[in-house]
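What follows is a set of notes on a single structure, which appears directly below.
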Amino acid sequence: MVCESSSMPTQRTLDSQVQSITDNVINPLCHLVPSFISPLHLTCLAFICGLISCWQIYQEHNFQALVFWSLNRLLGGLDGAVARHRGKESELGAFLDLLSSFWVHSTIPICCGLAVSALDDLKQPFTHLAPSDSPWLSIAVLEAMFHIHNFVLFYAIAAIEKHKQVGKIPTSELTSIVMRPALVESFESGVIFTLMLAWPRRIEALCWAMVLLMAVGTIHRLQWSLSALSDHEPHTTTAKQQESKCSIHEL
């Protein structure tokens, strides 16, 4: 049996409080969305606003970038709320929502890095940047951490869902997949990305801070995943051994 981790109780409480506040703000807006606008339309609009935000920060238009980023977050929360309100939740919608979020989140640090580079360096791709003045190492490490974090998270989710479907893991999660708590989740990442857009000159420090927090969360999830998955491995082996023994006895 896999039990809920209690090593980060404040994280779960913080996310619940933020989600509750967000629901109180977004749910009343569902009635204002015209019927001809579907949740998928809202997801696409959120994605477009996120890309425009990246383009605006690339052009060093901080205020405009923050405006479109705010629209991205608002529409990104509204699409799911509208889907639940209309009873039209779908796997396609969840997939596109995650895809657009990952896309925008991966692009923001890169565009912030471009924003802090001089125009001459942009024309001659970073040939005048000294290593000590370049934010690209921190950005590259952050992008790599995104890949590692997502691999650990989603492989663990896939394995856990497999066990849950056969009844090996009871769960009380309200979501359709089991999510483990971490230091950087939707609220925390949203705050960090907002700071990047507001102060792109601080991109290097913000990237390293996010890398550190994500590394701690990834290690926590990795430890839990290894423990959870290894707990079921002996049972599978034992079952196969019992089948082999039965076959021998039958012979």
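Using a 7 Å offset from the Cα along the Cα-to-Cβ direction at both residue 105 and residue 198, what is the distance between the two label points in nm, to one decimal?
2.0
For residue 144 and residue 162 in one chain, what is 0.36 nm times their gap in residues minus the Cα-Cα distance, to one decimal in nm?
Stretched out fully, the residue 144 to residue 162 stretch lengthens by 3.8 nm.
Quick one: what are the phi-derived ³J(HN,Hα) couplings along the stretch 103-110, Karplus 6.51/-1.76/1.60 with θ = phi - 60°, whole Hz, x for glycine and proline?
Taking θ as phi minus 60°, the curve returns 4, 5, 4, 6, 7, 4, x, 5 Hz for the stretch 103-110.
Within a Cβ distance under 13 Å of residue 207, other residues only, what is the Lys/Arg minus Asp/Glu net charge?
Summing Lys/Arg as +1 and Asp/Glu as -1 gives 0.
Determine, for each peptide in 145-152, 195-202, the mean count of other beta carbons within 10 angstrom over its residues, then list the peptides with the highest first.
Descending packing order for the listed peptides: 195-202, 145-152.
Each reported figure results from applying straightforward, stated rules to the coordinates on display, with no laboratory input. Predicted model only: the values in this text are computed from it and were never measured. A quick note on method: Cβ atoms are made from the backbone with ideal geometry, for glycine too, and the neighbour counts reach across all protein chains shown.
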